[in-house]
Amino acid sequence: MHLDVVELRNFYYRTGLGRAAQRAIRDQVVTFWPNAERQTVAGFGFAVPLLRPFLADARRVVGLMPDQQGVMHWPVGQPNVSALCPETRWPLQTGFVDKLVVMHGLETSDAPDALLEECWRVLGPGGKALFVVPNRGGLWSRSDSTPFGYGRPYSMSQLEIQLRQARFVPERHAAVLFQPPSHKRFWKRWGPLWERIGRQMPTALAGGVLVVEASKQVYAQTGSGTPEAVRRKGGVLEGLRPVPEAKPV
């Protein structure tokens, strides 16, 4: 079940913990993707907090929000690039997207396999996707005070298996949000230090959120002959007449 867009907006833009989470996850996204010049970048779920770094140089930025969640104008003070859409029917052409970010989309989906199929469809060959999900072994998935406490948390192996089944190729991963999911000022004050320390710890034990990069690899089909030749029925070759049987003398 998707959270309401108002709850998500209030957490990420109106609370100190939400702004800290936004900053930590966005920094990891930029580490993976420092440049998106002349590329199309899309986000699904509530991924718009992570898309701002691409507004300056990307060819196009699109924020897709599922109809179960609701939509909001984004970015504030600029022309709107967000759109409401069905969870598994996006208003994008096949192969249209170069980079895709999914946050608060996969773990809350009622049809995760169909959602991943739609992610695959809109990506072009060689396109990259980042999936941001709550870590099953982290503290954030156990707290209802943040959006990562809702939906299905994942372990790294669970997420990678699901991505491979959807034909994605997992390439890199990272963990973020090492500070406790607390709104108390003491924990928020030391948040940057927690992030630096946490990056030295095992992913499965420390980070509250997993970030996995996967790519869409399309391989040429192998086989002999053209598709027309493959569909041809066996028997006499087309264009050749059968050799007549010899008549007895």
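Structure summary
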{"item": "Residue that is farthest from Leu3 (Cα to Cα) [pool: residues in region 111-137 that are aliphatic (A, V, I, L, M) and either outside any helix (DSSP H, G or I) or in contact with a Pro (Cβ under 6 Å, 6 or more places away or on another chain) (or both)]", "result": "Leu123"}
{"item": "Qualifying positions in region 138-155 - in a loop (DSSP other than H, G, I, E, B) and either out of contact with any helix residue (DSSP H, G or I) (no Cβ under 6 Å at 6 or more places or on another chain) or among the polar types (S, T, N, Q) (or both)", "result": "Gly138, Leu139, Ser143, Asp144, Ser145, Thr146, Tyr150, Gly151, Arg152, Ser155"}
{"item": "Ala24 in contact with a helix residue (DSSP H, G or I) (Cβ under 9 Å, 6 or more places away or on another chain) and assigned to a helix (DSSP H, G or I)", "result": "yes"}
{"item": "Qualifying positions in region 105-123 - open to solvent by 10 Å² or more (accessible area, probe 1.4 Å) and in contact (Cβ under 8 Å) with a residue 60 or more places away in the chain", "result": "Asp110, Trp120"}
{"item": "Test result for Arg164, out of contact with any Leu (no Cβ under 8 Å at 6 or more places or on another chain), basic (Lys, Arg) and assigned to a loop (DSSP other than H, G, I, E, B)", "result": "no"}
{"item": "Residues satisfying the stated conditions in region 79-92, i.e. of a type outside the set (Ser, Thr, Tyr), surrounded by fewer than 19 Cβ atoms within 10 Å (Cβ to Cβ) and more than 24 Å from Pro53 (Cα to Cα)", "result": "Pro86, Arg89"}
{"item": "Close pairs from region 20-34: first over 17 Å from Val102 (Cβ atoms) and free of Cβ contacts under 8 Å to residues at least 24 places away in the same chain, partner open to solvent by less than 60 Å² (accessible area, probe 1.4 Å) and of a type in the set (Gly, Ala, Ser), Cβ under 9 Å, at least 6 apart", "result": "Arg23/Gly191"}
{"item": "Among (1) open to solvent by less than 50 Å² (accessible area, probe 1.4 Å); (2) over 19 Å from Arg9 (Cα atoms); (3) not charged (D, E, K, R), the one test that His173 misses", "result": "(1)"}
{"item": "Condition broken by Thr108, with the remaining ones in (1) under 14 Å from the mean Cα position of the chain (by Cα); (2) not in a loop (DSSP other than H, G, I, E, B) satisfied", "result": "(2)"}
{"item": "Filter result for the condition that a residue is under 16 Å from the mean Cα position of the chain (by Cα) and open to solvent by less than 20 Å² (accessible area, probe 1.4 Å), over Ala24, Ala47, Ala20", "result": "Ala47"}
{"item": "Enumeration of residues in region 35-70 that are closer than 17 Å to Thr88 by Cβ and polar (S, T, N, Q)", "result": "Gln68, Gln69"}
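Matching residues to (1) part of a strand (DSSP E or B); (2) modelled with pLDDT under 95; (3) open to solvent by less than 30 Å² (accessible area, probe 1.4 Å):
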residue	(1), (2), (3)
Arg9	no, no, no
Val61	yes, no, yes
His73	no, no, no
Gly77	no, yes, no
Thr94	no, no, no
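The values are calculated or read from the model by the stated rules, or taken from the named source; none is laboratory data. Only a predicted model underlies this, so the values are computations on that prediction, with no experimental measurement involved. Ideal geometry is used to build each Cβ from the backbone, glycine not excepted, and the neighbour counts take in all protein chains shown. Just so you know, the surface numbers come from the protein's heavy atoms only, side chains and all, with ligands and any DNA or RNA stripped out. Shrake-Rupley method; radii C 1.70, N 1.55, O 1.52, S 1.80 Å.
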